[in-house]
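Worksheet for the structure shown next.
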Amino acid sequence: MNRSAATWPAAAAAAVLLGISFYALVAWLEQGQLSDVPVYVHYAELMRGGAVPYRDFHFEYPPAALPAMLLPSYMSWSYPTSFAVLMGVCGAGCIAAAASALRAVGAGAERTWVALLAIGVSPLVLGSLFDTRFDLWPTLLAVGALAAVVRDRPVVSGALLGLGFAAKLWPAVLLPIAVVHLWRRKGQAGAAAVVAAFAVVAAACFLPFAVLGADGLRAMFADQLNRPLQVESLGAAVLMAAQHLGMSPLATVSSHGAQGLSGRGAGLAADLSTVFEVMSVVAIWVVFARRRNGGGEAVLIAAAATVAALVAFDRVLSPQYLIWLAPFIPLVRGGRGVLAGGLLLLALGLTQTWFPWHYWPLALDHASPWSWYLLARDLALVALAGVLLLELSLARDSAAGRAGWPAARRAAA
């Protein structure tokens with residue numbers, strides 16, 4: 001069976017499984033619990049009434065998030081159904097992009113089927129989130145950019161990363177990986193092209209609103225970057241465990257549209273979270289850049305490790321952030337890839353133990369056993385990032401993969 005024959009049936013089956021998972025969410029699991037959809041409806045109504053984001057009303061997200069919220073208001077179904085359909089389309093796009101990336105690195109049929117089916121079932125494992133948050137939109141852009149990187153498409157990858165940055169900021173962490181890989185593959189011109197495409201697309205999204213509503217745009221960045229320690233973050237989980245073991249009680253405060261911790265140690269935990277996050281992401285970039293063999297497989301591992309570290313150590317770890325991981329982790333090959341996939345499924349499943357049904361006892365009262373499940377989930381995410389960093393530092397690309405590198409082609413000539 002050739003690669004195409006193995007890849008696209010697997011992608012089709014995974015898309016069907018994704019559709020079944022979405023139907024189960026909408027019909028049985030969702031039940032209107034802690035949904036962001038009413039917020040999106042509010043923004044869509046304001047925009048359809050002529051209001052300009054950042055200038056006429058506070059908008060908490062970057063500007064390229066707007067299409068995901070506005071488009072469902074023009075669709076023929078109810079807004080919640082239309083939004084779920086749109087996110088389902090984005091999820092199917094993630095599967096297609098992941099399939100393209102796997103085909104580019106020569107993945108076999110068994111690996112391709114397992115990886116894509118894991119993506120397809122992930123909404124059901126995580127539960128009430130995929131169809132009520134817009135995170136599949138920036139995730140689609142990020143996975144699409146990853147597929148373009150391993151296919152040596154600098155302009156496409158840079159443009160998608162720029163649009164992803166303009167949708168939810170975090171896809172920009174993949175830009176250094178793209179630059180290093182495309183420098184190796186296409187030289188200085190390739191690296192410059194990906195950076196230029198990123199800058200042009202991002203600027204095209206941000207500049208109109210910088211002109212129309214500069215103060216509101218600055219407030220959005222401040223809101224995104226200065227949030228307190230969120231109750232589901234690793235630092236908060238450790239503090240809750242310490243509280244159960246005798247530390248002074250912590251208070252929960254509502255801030256920036258979420259619940260954060262206030263009290264002894266919360267500020268320090270937030271600062272340490274940021275330090276660990278930056279250090280871990282930079283460490284992954286450095287390990288990737290220092291590799292002597294940096295083919296497509298290394299790109300997939302480095303991207304998965306970077307997103308995992310970003311999520312694991314963030315001072316804000318909203319449950320929908322795990323959506324970002326779903327298309328990246330299954331792309332990692334080998335035994336450690338299987339281990340990483342198991343850790344991802346564990347983290348997704350543990351999240352569903354308290355969200356949405358037991359979120360408020362956890363957030364307001366730090367109640368047991370939910371706080372212990374939270375700690376276990378966050379430690380699983382840390383272990384996931386560690387496993388991927390280890391795999392990145394030890395993995396070697398195949399002889400077939402190395403044959404496609406420019407240095408190998410020059411030597412053969």
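No lab work stands behind these numbers, since they all come straight from the coordinates. Worth saying up front: this structure is predicted, and the values here are computed from it rather than measured. For neighbour counting, all protein chains shown are included, and Cβ atoms are generated from backbone atoms with ideal geometry for every residue, glycine included.
Along the three principal axes, how long is segment 18-224 when you take its alpha carbons, biggest first, rounded to the nearest angstrom?
The Cα atoms of segment 18-224 stretch 48, 44, 27 Å along the principal axes, largest first.
At a Förster radius of 56 Å, what calculated FRET efficiency corresponds to the Cβ-Cβ distance of Ala192 and Trp28, to the nearest 0.05?
So the FRET efficiency works out to roughly 0.65.
Taking the Cα centre of the chain as origin, work out the dipole magnitude from +1 charges on Lys and Arg Cβ and -1 charges on Asp and Glu Cβ, in debye rounded to 20.
Its charge dipole is roughly 1780 debye.
Among Val156, Val311, Val238, whose mean-square fluctuation peaks in a Gaussian network model of the chain (Cα, cutoff 10 Å)?
Per the Cα network of the chain with a 10 Å cutoff, Val238 tops the list.
Using the basic label-point model (7 angstrom from Cα toward the beta carbon), what is the Val16 to Leu71 distance in nanometres?
2.5
For Trp357, list long-range residues whose amide hydrogen, built 1.01 Å from N in the peptide plane, is under 5 Å from its own amide hydrogen.
Long-range HN contacts for Trp357: none found.
At 0.36 nm per residue, and after removing the present C-alpha to C-alpha distance, how many nm does the segment from Ala251 to Asp223 gain when stretched out fully?
8.0 nm
Would you mind putting 299-305, 169-175 in packing order, based on average other-beta-carbon counts within 10 Å, highest first?
299-305, 169-175
Choose one answer from Thr139, Thr351, Thr81: the residue with the largest mean-square fluctuation in a GNM of the chain with alpha-carbon springs under 10 Å.
Ranking Thr139, Thr351, Thr81 by mean-square fluctuation puts Thr81 first.
From the backbone phi of segment 111-118, what are the Karplus-calculated ³J(HN,Hα) couplings (6.51 cos²θ - 1.76 cosθ + 1.60, θ = phi - 60°) in whole Hz, Gly and Pro given as x?
Result, rounded to whole Hz: 4, 5, 4, 4, 5, 6, 5, 4.
Considering only Gly257, Pro138, Pro154, whose Cα is most displaced toward the positive end of the charge dipole of the chain, charges sitting on Cβ of Lys, Arg (+1) and Asp, Glu (-1)?
Checking the options against the dipole of the chain, the answer is Pro154.
In whole angstrom, how far apart do the alpha carbon centroids of segment 33-72 and segment 101-141 sit?
26
Run the helix sum for the chain: -39,500 (n - 2.57) per DSSP H stretch of 4+ residues, divided by residue count, reported at 222 nm to the nearest 500 deg cm²/dmol.
Value at 222 nm, helices only: -23000 deg cm²/dmol.
Please name which of Gly216, Val299, Ser248 has its Cα lying farthest along the dipole of segment 203-327 towards the positive end, using unit charges on Cβ (Lys, Arg +1; Asp, Glu -1) and the Cα centre as origin.
Val299
Around Ser255, which amide H atoms from residues at least 5 apart in sequence, or from another chain, sit under 5 Å from its own amide H, with H modelled in the peptide plane?
Those qualifying (amide H under 5 Å, at least 5 residues apart or on another chain) are Gly260.
Estimate the FRET efficiency between Leu394 and Leu46 by the formula 1/(1 + (r/R0)^6), using the beta-carbon distance for r and 30 Å for R0, to the nearest 0.05.
My answer for the efficiency is 0.05.
What's the ranking of 209-215, 327-333 by average number of surrounding C-beta atoms within 10 Å, highest first?
The peptides rank, most packed first, as 327-333, 209-215.
If the elastic network links every pair of Cα atoms under 10 Å, which of Ala219, Ala107, Ala145 fluctuates the most in the Gaussian network model of the chain?
Ala219
Given a Förster distance of 45 angstrom, what is the FRET efficiency for Ala210 paired with Val114, based on the Cβ-Cβ distance and rounded to 0.05?
0.50
Answer with one residue from Val200, Leu272, Pro171: the one whose Cα lies farthest towards the positive end of the charge dipole of the chain, charges on Cβ with Lys, Arg +1 and Asp, Glu -1.
Positive-most Cα among the choices belongs to Val200.
Which whole-Hz couplings ³J(HN,Hα) result when phi for each residue of segment 333-341 is put into the Karplus expression 6.51 cos²θ - 1.76 cosθ + 1.60, θ = phi - 60°, listed in order with x for Gly and Pro?
For segment 333-341, the Karplus-derived couplings read 8, x, x, 5, x, 5, 4, 4, x Hz, x marking Gly and Pro.
Using the Cα centre as the reference, give the magnitude of the dipole from point charges on the C-beta atoms of segment 18-224 (Lys, Arg: +1; Asp, Glu: -1; all else neutral), rounded to the nearest 20 debye.
Dipole size: approximately 840 debye.
State to the nearest 20 debye the size of the charge dipole of segment 25-127 about its Cα centre, where the only charges are +1 on K and R beta carbons and -1 on D and E beta carbons.
280
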